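*Asks:* Take a look at this one; I'll ask things after.
Each reported figure results from applying straightforward, stated rules to the coordinates on display, with no laboratory input. Quantities reported herein were computed from a predicted structural model and do not represent experimental measurements. Here the Cβ is made from the backbone with ideal geometry for all residues, glycine too, and neighbour counts use every protein chain on show.
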Amino acid sequence: MIDWEQEIRKKGYALIAGVDEAGRGPLAGPVVAAAVIFKAGNIPEGIKDSKELRPCQRSSLSEAIKEKAAAWSVAAVSADQVDALNILQATIRAMTAAISALNIEPQYIITDAVRLPGIMIPHLPLVQGDRLCVCVGAASILAKVNRDNLMDLWSREYPQYGFNQHKGYPTPEHLKALRKYGPCPIHRKTFKGVKELLGVAGQIK
């Protein structure tokens, strides 16, 4: 990863928060954001974009990040709020909430390509930030692990959909279950693949 934090620290910013989300593409479940602040020289090895890691690697790194981070937080926005706001605004809300939940106020923020209106702290929306910046990569891992855990819990309540396997993404198995059972309360009613079934199903089960 390129050491974006080092370059920003040269400008006088010591507390840099990386912010990323998980769950913009699924048909069900929340969008989850995380924020992470590291102190220079105290960063776990192996951090990269969460999508490039196996689940066991993400889980292990998640614990290491929590242990070594100067501050970290996670925030979720529900499927109902995604429908009410749209996915971009829900992502911004989750990211903003994660930043607000940090127990240390950052001096600078790097996000994975998302601009945060209303945040007065200087911030950089970095395209592919989860691949290029360690603190954003760390946030991507925390967000992904937290969201996967939430979907595993939802799978116990709605086992017919297999949320523990696909985490709400539109896999063939998920789409087949949607056609068979109709949407459940954690499905995103405004998303293609779900909204078409609402009239067929009659109501959300």
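*Asks:* Within the range 96-205, how many Lys pairs sit with Cα atoms under 21 Å apart, leaving out pairs fewer than 8 places apart on the same chain?
*Replies:* Taking the range 96-205 as the scope, the lysine pair count is 18.
*Asks:* Something else: Show me the GluC sites (Glu not before Pro) within the range 9-103 that DSSP assigns to loop and that have at most 14 other Cβ atoms within 10 Å of their Cβ.
*Replies:* Working: sites: E21, E45, E52, E63, E67; in loops: E45.
When the GluC sites (Glu not before Pro) of the range 9-103 are filtered for loop state and at most 14 Cβ neighbours within 10 Å, E45 remain.
*Asks:* Shape verdict for the range 4-155, please, from the Cα gyration tensor: rounded (a/c under 1.5), prolate (a/b greater than b/c) or oblate. Could the numbers behind the result be given before it?
*Replies:* Numbers: a/c = 1.89, a/b = 1.25, b/c = 1.51.
Because a/c hits 1.5 or more and a/b fails to exceed b/c, the range 4-155 counts as oblate.
*Asks:* Say we join alpha carbon atoms closer than 10 Å with springs in a Gaussian network model of the chain; which of C135, C184, C56 then has the biggest fluctuation?
*Replies:* So, out of C135, C184, C56, the one fluctuating most is C56.
*Asks:* Quick one: net charge around A90, please, counting Lys, Arg +1 and Asp, Glu -1 for every other residue with C-beta under 14 Å from its C-beta. Show your work: numbers first, answer last.
*Replies:* On the way: positive: R24, R93, R147, R188, K189; negative: E21, D80, D83.
My count for the surroundings of A90 gives +2.
*Asks:* Sort out for me the Cα centre separation of the range 1-43 from the range 124-138, rounded to whole Å.
*Replies:* Result: 6 Å between the Cα centres.
*Asks:* Something else: Percent antiparallel among DSSP beta bridges with both residues in the chain, to the nearest 5? Kindly include the intermediate steps, with their values, before the conclusion.
*Replies:* On the way: 14 of 21 bridges.
Just about 65 percent of them are antiparallel.
*Asks:* What is the gain in length, in nm to one decimal, between K180 and A101 on full extension, counting 0.36 nm per residue of separation less the C-alpha to C-alpha distance?
*Replies:* 24.4 nm
*Asks:* Please find the FRET efficiency linking K11 to M120, where r is the Cβ-Cβ separation and R0 is fixed at 22 Å, and quote it to the nearest 0.05. Provide the component values of the computation, followed by the final result.
*Replies:* Values: r = 17 Å, r/R0 = 0.78.
For R0 = 22 Å, the calculated efficiency reads 0.80.
*Asks:* Between I110 and residues 5 or more places away or on another chain, which pairs have amide H atoms under 5 Å apart, with H built 1.01 Å from N, and which residues are they?
*Replies:* Amide H neighbours of I110, under 5 Å, 5+ apart: A17, G18, V19, L124.
*Asks:* Counting other C-beta atoms within 10 Å, and keeping those with at most 14, which DSSP coil trypsin sites (Lys or Arg not before Pro) do you find in the range 1-78?
*Replies:* On the way: sites: R9, K10, K11, R24, K39, K48, K51, R58, K66, K68; in loops: K10, K11, R24, K39, K48.
Sparse-neighbourhood loop trypsin sites (Lys or Arg not before Pro): K10, K11, R24, K39.
*Asks:* Additional query: Name the residue, out of V32, V127, V19, whose mean-square fluctuation peaks in a Gaussian network model built on the chain with Cα pairs under 10 Å.
*Replies:* In this elastic network of the chain, the residue with the biggest mean-square fluctuation among V32, V127, V19 is V127.
*Asks:* Taking 0.36 nm per residue of separation and subtracting the Cα-Cα distance, what length does fully extending Q160 through K195 add? Show your work: numbers first, answer last.
*Replies:* Details: separation 35, 0.36 × 35 = 12.60 nm, distance 1.88 nm.
Fully extending the segment from Q160 to K195 adds 10.7 nm.
*Asks:* Moving on to the next point. How far, in nm, would the chain grow between E63 and E173 when pulled straight, counting 0.36 nm per residue and subtracting the alpha carbon separation?
*Replies:* Numbers: separation 110, 0.36 × 110 = 39.60 nm, distance 3.09 nm.
Gain on extension, E63 to E173, equals 36.5 nm.
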